[in-house]
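Undergrad: Mind having a look at this structure? Questions to follow.
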Amino acid sequence: HGIHCTPLGQFHCRGTPFDKRFPGICDNKLSGLAASIVFKLPGVREFFLSLNYIDASREVVEKALEANRSLFICTGSGEESLLTKQGEDILVLSRRRGFVRMALMYGCDIVPIFGVGNSDLF
């Protein structure tokens with residue numbers, strides 16, 4: 001996902017094309033997942049909470065799925081961020097299978113979405 005996952009904001013912000021196409025999902029039914037470290041940093045924590053992100057830890061994800069929330073995740077984590085190269089889209093997915101297991105356990109659909117050119121946004 002490059003240095004940031006900014007385009008994922010389209011999935012939870014009201015008034016975006018996604019919100020207009022799928023009304024009601026952005027009204028506190030959809031949360032993004034962010035690395036646990038994000039919620040330990042003052043200021044950064046508040047920023048992510050204001051965007052309706054939650055901790056990507058298993059315990060928090062399970063509670064969200066039990067509450068029938070929809071989730072989106074940028075799977076590459078910090079490892080993918082460190083591989084950022086302008087003009088290239090580099091994926092780290094082979095070791096990122098926990099979200100698939102969770103989806104299967106809770107009967108959730110997985111809708112893959114790929115943002116092209118994220119590393120060219122800065």
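Undergrad: Amide H to amide H under 5 Å from Y53: which residues, 5+ apart in sequence or cross-chain, H placed 1.01 Å off N in plane?
TA: Placed amide hydrogens put G32 under 5 Å from Y53.
Undergrad: Probe of 1.4 angstrom, ligands and nucleic acids ignored: what's the accessible area per residue over the chain, in square angstrom? Display every interim value, and only then the final one.
TA: On the way: 8170 Å² over 122 residues.
It amounts to 67 Å² per residue over the chain.
Undergrad: Based on DSSP H runs of at least 4 residues, each adding -39500 (n - 2.57), what is the mean residue ellipticity at 222 nm of the chain after dividing by all its residues, to the nearest 500 deg cm²/dmol?
TA: Values: 5 runs with 36 residues, N = 122.
Rounded to the nearest 500, it is -7500 deg cm²/dmol.
Undergrad: Under 5 Å between amide hydrogens, which residues at least 5 positions from L71 or on another chain qualify, with H placed 1.01 Å from N in the peptide plane?
TA: Sorted by chain and number, the residues that satisfy this are S31.
Undergrad: Next question, about the same structure. What order, most packed first, do the peptides 23-31, 109-117, 91-99 have when packing is the mean number of other Cβ atoms within 10 Å of each residue?
TA: 23-31, 91-99, 109-117
The values are calculated or read from the model by the stated rules, or taken from the named source; none is laboratory data. Just so it is clear, the structure is predicted and the values come from calculations on it, not from any experiment. Heads up, the Cβs are rebuilt from the backbone with ideal geometry, glycines too, and the neighbour counts pull from every protein chain shown. Just so you know, the surface numbers come from the protein's heavy atoms only, side chains and all, with ligands and any DNA or RNA stripped out. Shrake-Rupley method; radii C 1.70, N 1.55, O 1.52, S 1.80 Å.
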